[in-house]
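This report concerns only the one structure given below.
Derivation of every value follows stated rules applied to the coordinates shown; laboratory data play no part. Just so it is clear, the structure is predicted and the values come from calculations on it, not from any experiment. For neighbour counting, all protein chains shown are included, and Cβ atoms are generated from backbone atoms with ideal geometry for every residue, glycine included.
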Amino acid sequence: MEINQQIIVALLIIIFVFIIIQFAIISKYKTVKNKEIGLEINEKIPNFDFGDIKGRSGHIDQLLSRNIRLLIMLDGNCEECSKVINLLKAMDTNYLEEIKLVLVKAEYNYEKMAGSVLEGSAIYVEPTVIFDRLRVNSFPYYLKVNDEGKVISKGHALPHNVIDLVTSTTTTTHNSIESSVG
């Protein structure tokens, strides 16, 4: 075989291997991308302890029994979360009655909520609650629940869908529900 033919064969082999590697990478990416985040639909929210900004504590089952129907997991260091927080701050507080914002217990999260209209809607939990118990590893994320505390929908709570998400969650009667913990 001539040297030019050997080079062509070698290049074809390299291109073929490169294409196979690309397919493997794309396949792996699709598998990771489609991995489910959050609790499964119809799965009950596990009970967990939380605190509020004033140091009071409670259990999530207490909140769910008070008509809390939407949990939005946020992080004060997340850019998309900050956009969601700003949108929620601009909303009528009646829309926040059935919503709890779930944040990791961290100083920067307390500072982000302190003094805002969202202060009473925020609860603070240990990181293991969000990452292990609720199986959420991406922010901002929501879990919408029914009156039995079971997940009926879930997904990313991004600025383009959060207003629809919040307004569709809140009942039209706006019953007077105590939004603070305790």
At 18 Å minimum axial length over the Cα atoms and a Kyte-Doolittle cut of -0.5, report the qualifying DSSP H helices in the chain, or say none. 3-33
Between Ile21 and Lys54, what FRET efficiency comes out of the Förster formula 1/(1 + (r/R0)^6) with R0 = 45 Å and r the beta carbon distance, rounded to 0.05? 0.25
What helix-only [θ] at 222 nm does the chain give? Using -39500 (n - 2.57) per DSSP H run of at least 4, over all residues, to the nearest 500, the answer is -11500 deg cm²/dmol
Gain on full stretching of the segment that runs from Thr128 to Thr167 - 0.36 nm per residue minus C-alpha separation: 11.1 nm
What order do you get for 68-78, 54-64, 139-149 when each peptide is scored by the mean count of other beta carbon atoms within 10 Å, highest first? 68-78, 139-149, 54-64
Computed over the stretch 35-182, the relative contact order (Cα-Cα under 8 Å, seq sep at least six) in percent reads 37 percent
Using the charge dipole of the stretch 51-112 (Lys, Arg: +1 at Cβ; Asp, Glu: -1 at Cβ; taken about the Cα centre), state which of Tyr110, Gly51, Ile72 has its Cα farthest towards the positive end. Gly51
If you stretched the chain out fully between Val9 and Glu79, how much longer would it get, using 0.36 nm times the residue separation minus the C-alpha to C-alpha distance? 20.2 nm
